[in-house]
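> One structure coming up, written as structure tokens, with questions to follow.
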Amino acid sequence: MKTIRLRAGKERSLLKRHPWVFESSVHKGGGDSGETVRVESSEGEFLCWAAFSPASQIRLRAWSFDESERIDAAFFARRIERAIALRARLAIDSDAVRLVHGEADGLPGLVVDRYGDTLVAQFGAAGVERWKKPICAALLEQTGLTRLYERSDASVRTLEGLPESTGWLAGEGATELTIREHAWRLTLDVAEGHKTGYYLDQRDNRRRFAEVVRHYGAKRVLNCFCYTGGFSVAALAGGAQEVTSIDSSAPALARANAHVELNGFDAARHTALDADVNKALREFIREGRRFDAIVLDPPKYAPTSAHAERAARAYKDINRLGLQLLEPGGLLFTFSCSGGISPDLFHKIVAGAGLDAGVDGPILERVGAAPDHPQTICFPEGEYLKGLLLMRA
Ligand code: SAH
């Protein structure tokens, strides 16, 4: 077993059970890509068992803080069992669920989503890459499923020095699937869609949006960064009369249109617009259009806090435009999925947008990711998705 010795004082975050050690904290020692190493303080005390990532700034990811625990196939089976058991206890109104959410489930770098009878896995770090076979075996055995598709094509793979890898790891057949979310049916393609195919983290917020649209009687709804139109279907289900969905991805918009019909709504109530949101919102303001409810769910502008300043400007811009387009009494459901933007900072950015737009109003709700994307006490980075529901006064 190889040993890694940390620099003096650099054991602090591991002692708080945070699972990452950065390159600059390592005093000496090394290993192969994904190899399990013993991590010690500068004094030689055991800190954790970890996976070594020779290419990444995040040089070590802790597997276990228990010296007596062995990191073997049974370890991965136990962690996966625990993750699946948690989901079984959560009230998830869908057959599409995130079964494993990386660090929050004690499996740094691993994401596993279940879409009906199909599992989709993303191996985003050298450690889980090295243990791919036993991880897949445990996933298949414990879910009783036979289809497992790999979507290891996220950019984090490059940081880990790992090549892209996609395709069936078990089973075969169509990558086009239909899932049920709440009372709705939605389709996705696990080979072609964003991430693993769909944004499961917004599940509860889509349901909430349907309720809010109904409660406040919002008739004209604008869904910005709509992807495949989940919030648009929610708006129609909530009784909206006219829904406009904007995205810059033509395949996503085609699917949004298809979802309107698949769920039995009149296609004439939905308009899909292939455009840049920022430009489209400015155009709408020039045209004097107004909406009763607007969703803003942009992509990750700030992956880390290093990008926070530029991202803050981008968030402020779209929120200012969104607020300007709201009818008095209208609702803005605005999100940031940037790990580098804290809930506090996001609140400040939106407040700044309100000032610039000359608009005030109550914050009705603060929301986060669905509970199958858990946040844990030891891993604050897990709190990436935050949203505010505002009403224009
Ligand atoms: N709300 C969606 C998820 C949104 S993901 C859901 O509930 O499923 C972010 C989306 O923004 C992606 O579909 C991406 O294609 C789109 N996008 C990114 N930049 C854009 C831009 N400048 N203008 C319009 N759409 C954009």
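Every number in this text was worked out from the coordinates using simple rules, so none of it is lab data. Computed from a prediction, not measured in an experiment: that's the story for all the values here.
> For Ala272, what residues show an amide H to amide H distance below 5 Å, using hydrogens built from the backbone and excluding near sequence neighbours?
For Ala272, whose amide H was placed from the backbone, the distant partners under 5 Å are Ser245.
> How big is the antiparallel share of DSSP beta bridges in the stretch 3-64, given as a percent to the nearest 5? Before the final figure, lay out each step's value.
Values: 14 of 17 bridges.
Around 80 percent antiparallel, to the nearest 5.
> Let a ≥ b ≥ c be the square roots of the eigenvalues of the Cα gyration tensor of the chain; is it rounded (a/c under 1.5), or, if not, prolate (a/b larger than b/c) or oblate?
prolate
> Now, a different point. Straight-line reach from Lys133: which lysines fall under 28 Å, measuring Cα to Cα and dropping same-chain residues less than 8 apart?
Filter leaves Lys2, Lys195.
> Please list, ordered by chain and number, the residues whose modelled amide H lies under 5 Å from the amide H of Thr376; skip anything fewer than 5 residues away on the same chain.
Answer set, sorted by chain and number: Gly382.
> Could you give each residue of the stretch 230-240 its phi-based ³J(HN,Hα) in whole Hz, using Karplus coefficients 6.51, -1.76, 1.60 with θ = phi - 60°, and x for Gly or Pro?
x, 5, 6, 4, 4, 4, 5, 5, x, x, 4
> Hey, what do the phi angles of the stretch 153-160 turn into as Karplus ³J(HN,Hα) couplings, whole Hz, using 6.51/-1.76/1.60 and θ = phi - 60°, x for Gly and Pro?
Here the 3J(HN,Hα) series is 10, 7, 5, 4, 4, 4, 4, 8 Hz.
> What does DSSP give for the chain in terms of the percent of beta bridges that are antiparallel, rounded to the nearest 5?
Values: 49 of 76 bridges.
Approximately 65 percent, going by the DSSP bridge assignments.
> Could you give me the ³J(HN,Hα) list for the stretch 47-64, computed from phi with Karplus coefficients 6.51, -1.76, 1.60 and θ = phi - 60°, whole Hz, x at Gly and Pro?
10, 6, 8, 8, 8, 8, 10, x, 9, 9, 4, 7, 7, 9, 10, 6, 8, 8
> Could you name the aspartates and glutamates in cross-link range of Lys28, using Cα to Cα under 19 Å and dropping any fewer than eight places away on the same chain?
Reachable aspartates and glutamates: Glu11, Glu40, Glu43, Glu45.
> Can you tell me which lysines have their Cα less than 19 Å from the Cα of Lys316? Leave out same-chain residues fewer than eight positions away.
Lys316 reaches Lys279, Lys300, Lys348, Lys386.
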